[in-house]
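Notes to accompany the following structure.
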Amino acid sequence: MQEFEPITSRDNRRLIDARNVRDGNVNNLMFIEGKRLADEALRSHIEIVECFVRDDFADEAIIVELKKQNTFIGTLPEKLFRSIADTDSPQGIVLVAKRPSSSQNFEIGGSQLPLVLCLNEINNPSNLGAVLRTAEAAGMTKVMISNNSADPFSPKALRASMGSAFRLNITTGCEFDEAIQSAVKNNLHTVGADASSTRNYTDVDWTKPRMLVIGSEAHGLSPEQKETLDELVCIPMANGVESLNLAVSVGVLLFEAKRQNG
């Protein structure tokens, strides 16, 4: 089994590479920080490339599992560990892992919800991660994320998703028009969330296969994008309330779909 390897230099090649992953400079790898997220990665059978732990890290169960996989484990003193950490109060463990593979598969028969979620230009990684966590909780399996969106596998988004990004079937980097064309090709009725719509989200039959399209936090969907959708729905709110948090809005819509689908 793999034993610990002490690392004492900030310029160690493995640490330099880990910082590049942390900063989003390596497309096929992701930076996983913290005990809870490390445990979720192992539980989700994510392929771990290497591990870095602070020299006082004491979660034996995680270490035992990593040793079973013959993962490289480097031990770092406190000051050096902080040089690679992405959080202000690091918990003493970082994993570098391969990103889950994505696909254009729109098969939704095995999902609890007959829905594909399309996220268009969601810029805030924490919001995006929270939406992914909500989507998994509601029983979704397929999420499409457009170009000009945050990276769902960035450190901030991963922490906000609490591991959901490891398990959802996520396609990134698609154009809005491509997503809508894919929905049409796969016989999915497209529904957009729009505060100006007069159609209540509870009036929609969510038991039929659909693609739910969500626009950016700041601007929503453009008039041109709304024109391409089959229908628009709103979440009625009390007077004087302008909008809901993005993840809350998605949660309201998805859990109504979940309710209708039993």
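The values are calculated or read from the model by the stated rules, or taken from the named source; none is laboratory data. Just so it is clear, the model here is predicted, and its values are computed rather than measured. Virtual Cβ from ideal backbone geometry, glycine too; neighbours counted across all protein chains shown. SASA here: full protein model, heavy atoms, side chains in, ligands and nucleic acids out. Shrake-Rupley method; radii C 1.70, N 1.55, O 1.52, S 1.80 Å.
Given the structure, is residue 156 open to solvent by 60 Å² or more (accessible area, probe 1.4 Å) and either small (Gly, Ala, Ser) or touching a residue at least 12 places away in the same chain (Cβ under 8 Å) (or both)?
Working: open to solvent by 60 Å² or more (accessible area, probe 1.4 Å): yes; either small (Gly, Ala, Ser) or touching a residue at least 12 places away in the same chain (Cβ under 8 Å) (or both): yes.
Yes; evaluated as a whole, the condition is true for this residue.
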Q: For segment 162-193, name all the residues that are under 30 Å from residue 36 (Cβ atoms), touching a residue at least 60 places away in the same chain (Cβ under 8 Å) and not hydrophobic (A, V, I, L, M, F, W, C).
A: 163, 167, 169, 171, 172
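In segment 61-80, what residues are among the hydrophobic types (A, V, I, L, M, F, W, C), assigned to a helix (DSSP H, G or I) and open to solvent by less than 50 Å² (accessible area, probe 1.4 Å)? It would help to see each step written out before you state the result.
So the first thing to find is which residues in segment 61-80 are among the hydrophobic types (A, V, I, L, M, F, W, C), and the list is 61-64, 66, 72-73, 76, 80.
Subsequent filtering for residues that are assigned to a helix (DSSP H, G or I) retains 61-64, 66, 80.
Answer for segment 61-80, where residues must be among the hydrophobic types (A, V, I, L, M, F, W, C), assigned to a helix (DSSP H, G or I) and open to solvent by less than 50 Å² (accessible area, probe 1.4 Å): 62, 63, 66, 80.
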Q) Give me the pairs: first residue in segment 234-262 and part of a strand (DSSP E or B), second residue surrounded by fewer than 11 Cβ atoms within 10 Å (Cβ to Cβ), beta-carbon distance under 9 Å, and six or more apart or on different chains, which are they? A) 234/196; 234/198
Q) Residues of segment 100-146 being closer than 14 Å to residue 172 by Cα, modelled with pLDDT of 90 or more and out of contact with any strand residue (DSSP E or B) (no Cβ under 8 Å at 6 or more places or on another chain), which ones? A) 125, 129
**Q.** Of residues in segment 169-178 being closer than 22 Å to residue 41 by Cβ and buried (at least 20 other Cβ atoms within 10 Å of the Cβ), the one nearest to the chain's Cα centre (by Cα)
**A.** 170
Q: Scan segment 188-204 residue by residue and report those that are open to solvent by 10 Å² or more (accessible area, probe 1.4 Å) and either over 22 Å from residue 262 (Cα atoms) or of a type in the set (Lys, Arg) (or both).
A: 193, 194, 195, 196, 197, 198, 199
Q) Which one of the conditions (1) within 21 Å of residue 215 (Cβ to Cβ); (2) of a type in the set (Gly, Ala, Ser); (3) under 18 Å from the mean Cα position of the chain (by Cα) does residue 163 fail to meet, given that it meets all the rest? A) (1)
Q: For segment 205-256, enumerate the residues that are open to solvent by 60 Å² or more (accessible area, probe 1.4 Å) and either in contact with a Cys (Cβ under 6 Å, 6 or more places away or on another chain) or of a type in the set (Val, Ile, Thr) (or both).
A: 207, 228, 241, 248
Q: For segment 81-98, name all the residues that are outside any strand (DSSP E or B) and open to solvent by less than 10 Å² (accessible area, probe 1.4 Å).
A: 81, 84, 92
**Q.** Condition met for residue 58 (aliphatic (A, V, I, L, M) and surrounded by fewer than 14 Cβ atoms within 10 Å (Cβ to Cβ))
**A.** yes
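Conditions (1) under 21 Å from residue 167 (Cβ atoms); (2) in contact (Cβ under 8 Å) with a residue 60 or more places away in the chain, marked per residue:
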site: 26; (1), (2): no, no
site: 30; (1), (2): yes, yes
site: 34; (1), (2): yes, yes
site: 40; (1), (2): yes, yes
site: 47; (1), (2): yes, no
site: 61; (1), (2): yes, no
